[in-house]
Amino acid sequence: MENEARDGGRHPTSVVLQDLVVGTPDGSMPLTLLLSRLRGRSFGFVMLVLGVVALVPALSPVAGVLLLWPAIQMLAAREAPTLPRWLSCRRVPTARLALFTNRVVPVLRWLETILQPRWRTPSQTTKRVVGGVVLLLGLTLLAPVPFSQVLPALVIILIALAYLEEDGLALTVAIAAAILSLGLTAATVWATIIGINAL
């Protein structure tokens, strides 16, 4: 059944997101309360949303800066992200959250047929590794090279999805892709600098 837990009581992310919307009060709710209700998946959702935002060229530097905050906290093995005061007080409209969920849940359900809990790793170790990789990927989003944000943004999305579903196999693939992305970004920036100096 859809609402049944899988893998020893663990619910799919799509079910968690649906339950979140059902339990959300009318009107709006503070962003900090929203993240607290996501509990252990809050880091994954933050990475996923900012990864999607980073696909937009004009917003990728902003997403890169914002990603540094949760990444550093993951390196410190925090239980959940702590937001800056000016951001934590912002309220999320219930209607907008419901609209977002209605669009995302069908995609998540399809992805959950591929991404499944496997290759379990120590949670704190995984959190620190993911935090370090996302920190580096977030920095590459600041590179002033057109469309250079696309690959790291896609890798961040893949990491977030694998982290949310506790899929160690997919996470291993995502981290390998992250290493490739970091290498390509470094090579692109270096080539750009050489080209500018040659002018």
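The values are calculated or read from the model by the stated rules, or taken from the named source; none is laboratory data. As the structure is a prediction and not an experimental result, all values here were calculated from the model. Methodologically, a virtual Cβ is constructed for each residue, glycine included, from the backbone with ideal geometry; neighbour enumeration extends over all protein chains shown. Areas reflect the complete protein model, heavy atoms only, side chains present, ligands, DNA and RNA absent. Shrake-Rupley method; radii C 1.70, N 1.55, O 1.52, S 1.80 Å.
Let me check against my output: what whole-number percent is the relative contact order of the chain, with C-alpha pairs under 8 Å and at least 6 apart?
Normalised by residue count, the contact order of the chain is 27 percent.
Could you give the distance between the Cα centres of the stretch 45-78 and the stretch 140-154, to the whole Å?
With the stretch 45-78 and the stretch 140-154 each reduced to a Cα centre, they are spaced 13 Å.
For the chain, set up a GNM with springs between Cα atoms under 10 Å and report which of L137, L158, L33 has the largest fluctuation.
Among L137, L158, L33, the largest mean-square fluctuation in the Gaussian network model of the chain belongs to L33.
Order of 143-155, 107-119 by packing, highest average Cβ count within 10 Å first?
143-155, 107-119
With labels modelled as points extended 7 Å from the Cα through the Cβ direction, what inter-label distance (nm, one decimal) is found for R109 paired with V189?
Placing both labels 7 Å along Cα→Cβ, they lie 4.2 nm apart.
Please find, in a Gaussian network model of the chain (springs between Cα atoms separated by less than 10 Å), the residue of A177, A162, A58 whose mean-square fluctuation is greatest.
The residue with the greatest mean-square fluctuation here is A58.
To the nearest 500 deg cm²/dmol, what mean residue ellipticity at 222 nm is calculated for the chain from DSSP H runs of n ≥ 4 alone, each contributing -39,500 (n - 2.57), summed and divided by the residues?
Per the formula, -22000 deg cm²/dmol.
Measuring from label point to label point, each 7 Å out along Cα→Cβ, what is the C89 to A58 span in nm?
2.8 nm
Pop out the carbon and sulfur fraction of the accessible area of the chain as a percent, whole number, probe 1.4 Å.
69 percent
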